[in-house]
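The values are calculated or read from the model by the stated rules, or taken from the named source; none is laboratory data. Remember, it's a predicted structure, so these values are computed and weren't measured experimentally. A quick note on method: Cβ atoms are made from the backbone with ideal geometry, for glycine too, and the neighbour counts reach across all protein chains shown. Protein only, heavy atoms only, side chains kept; ligands, DNA and RNA dropped before computing areas. Shrake-Rupley method; radii C 1.70, N 1.55, O 1.52, S 1.80 Å.
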Amino acid sequence: VIILGDRFEVFGAAYASFILKIPIAHISGGDVTIGAQDDVFRHCITKMSWWHFVSNSVSKKRVIQLGENPNRVFNVGSLGADMISNIKFFTKKYIENKTGIKFVKKNIFITFHPETLSVTKTTDMFKEILRAISQFSDINFIFSSSNIDSNGYIINELIIKFVKNNKNAYFYNSFGRNLYLSIIKHVDAVLGNSSSGITEVPLLNKYTINVGDRQQGRYKTKSILDTRCTKKDIVASINYLYNSNYKIKKMYNPYSTKGASNKIFKIIDTKDFPKNLKKPFYDLIKY
């Protein structure tokens, strides 16, 4: 079984496979997201998995630190880079006709999910974002839906209400992958706390304003502005983004290795499926 990521949905698949003694190839283990429950699910899936396909060198070290044998841990890069290199991007005109979005000189895409381990209420956090962006009438804000984590539906309700009262705000229920990435090509930055802002947006040479702690711990490039989830800090980050002195000509990204899918396929194709799934703990401590 090949499993991607760290969500509670795929944790169920990993658990069932482990109980049934089916070897698991896990993609994107070793990452850290301190502000979300996904962090725990990810590391649990790592311990249930036989092969590990990580996206960067730091994550490889973490998987080994969790007791996995280095011979079964492979740094293949990001699947996001593969996807971006293969999709056909939609034009600005097509996007406007399909979604009703009207691009202006300044545009920011917003995608925000609940911080499932935060002591601050999701609604309070998102309201800080809405208060902040209300200060910018010359910027268009394009919202995507929140995910299905606890209280995600509340975020969506707040978005819909905000869009109704602000002419420079847009909400489209489900963009889909190609449309989403095409929109990113035509905006200045992504604001929020999605992993996409860390691993994919820099590959499109766009900036990210990463809000709060959901993605705290992820390996990040210089194009990502970390900010606390307060109106004051978010306003400051948006102003800094449009400061003429803040320009990165070439955005280095630790996840940018292309060909990840082919590497994963070739590695699995050369391996024998283990009949015995007993795994000695690869201990870094020498007794």
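So which residues in region 173-201 are farther than 11 Å from residue 109 by Cβ, open to solvent by 20 Å² or more (accessible area, probe 1.4 Å) and assigned to a helix (DSSP H, G or I), if there are any at all? Selection gives 177, 178, 199.
Condition check for residue 155 on (1) surrounded by 21 or more Cβ atoms within 10 Å (Cβ to Cβ); (2) within 16 Å of the chain's Cα centre (by Cα): one failure, at (2). Given the criteria of a type outside the set (Val, Ile, Thr), open to solvent by 10 Å² or more (accessible area, probe 1.4 Å) and assigned to a helix (DSSP H, G or I), does residue 233 qualify? Yes; evaluated as a whole, the condition is true for this residue. Evaluated against (1) closer than 14 Å to residue 186 by Cβ; (2) open to solvent by less than 10 Å² (accessible area, probe 1.4 Å), residue 112 falls short on exactly one condition, (1). Among the residues of region 149-157, none qualifies, meaning not one is touching a residue at least 40 places away in the same chain (Cβ under 8 Å), closer than 22 Å to residue 216 by Cβ and touching a Gly at 6+ places or on another chain (Cβ under 7 Å). Scanning region 163-172 for residues that are in contact (Cβ under 8 Å) with a residue 24 or more places away in the chain, open to solvent by less than 50 Å² (accessible area, probe 1.4 Å) and in contact with a strand residue (DSSP E or B) (Cβ under 6 Å, 6 or more places away or on another chain) yields a count of 3. Within the option set 110, 142, 64, being farther than 21 Å from residue 233 by Cα, among the β-branched types (Val, Ile, Thr) and at pLDDT 95 or above holds for one residue only, 64. Residues of region 239-265 that are modelled with pLDDT of 75 or more and either among the hydrophobic types (A, V, I, L, M, F, W, C) or surrounded by 12 or more Cβ atoms within 10 Å (Cβ to Cβ) (or both): 239, 240, 241, 242, 259, 260, 261, 263, 264, 265. Residue 151 fulfils the conditions (1) over 30 Å from residue 271 (Cβ atoms); (2) modelled with pLDDT of 95 or more except for a single criterion, (2). Once region 70-104 is narrowed to residues that are assigned to a loop (DSSP other than H, G, I, E, B) and in contact with an Asp or Glu (Cβ under 7 Å, 6 or more places away or on another chain), the residue that is surrounded by the most Cβ atoms within 10 Å (Cβ to Cβ) is 103. Once region 184-215 is narrowed to residues that are out of contact with any Lys or Arg (no Cβ under 9 Å at 6 or more places or on another chain) and of a type in the set (A, V, I, L, M, F, W, C), the residue that is modelled with the lowest pLDDT is 203. Determine whether residue 195 is touching a Phe, Trp or Tyr at 6+ places or on another chain (Cβ under 9 Å) and among the hydroxyl-bearing types (Ser, Thr, Tyr). Taking the combined requirement at face value, the residue does not satisfy it. For region 32-57, filtered to residues that are assigned to a loop (DSSP other than H, G, I, E, B) and open to solvent by 30 Å² or more (accessible area, probe 1.4 Å), the residue that is nearest to residue 5 (Cα to Cα) is 37. When 204, 277 are checked against the criterion of being open to solvent by 40 Å² or more (accessible area, probe 1.4 Å) and touching a residue at least 60 places away in the same chain (Cβ under 8 Å), 277 stands alone in meeting it.
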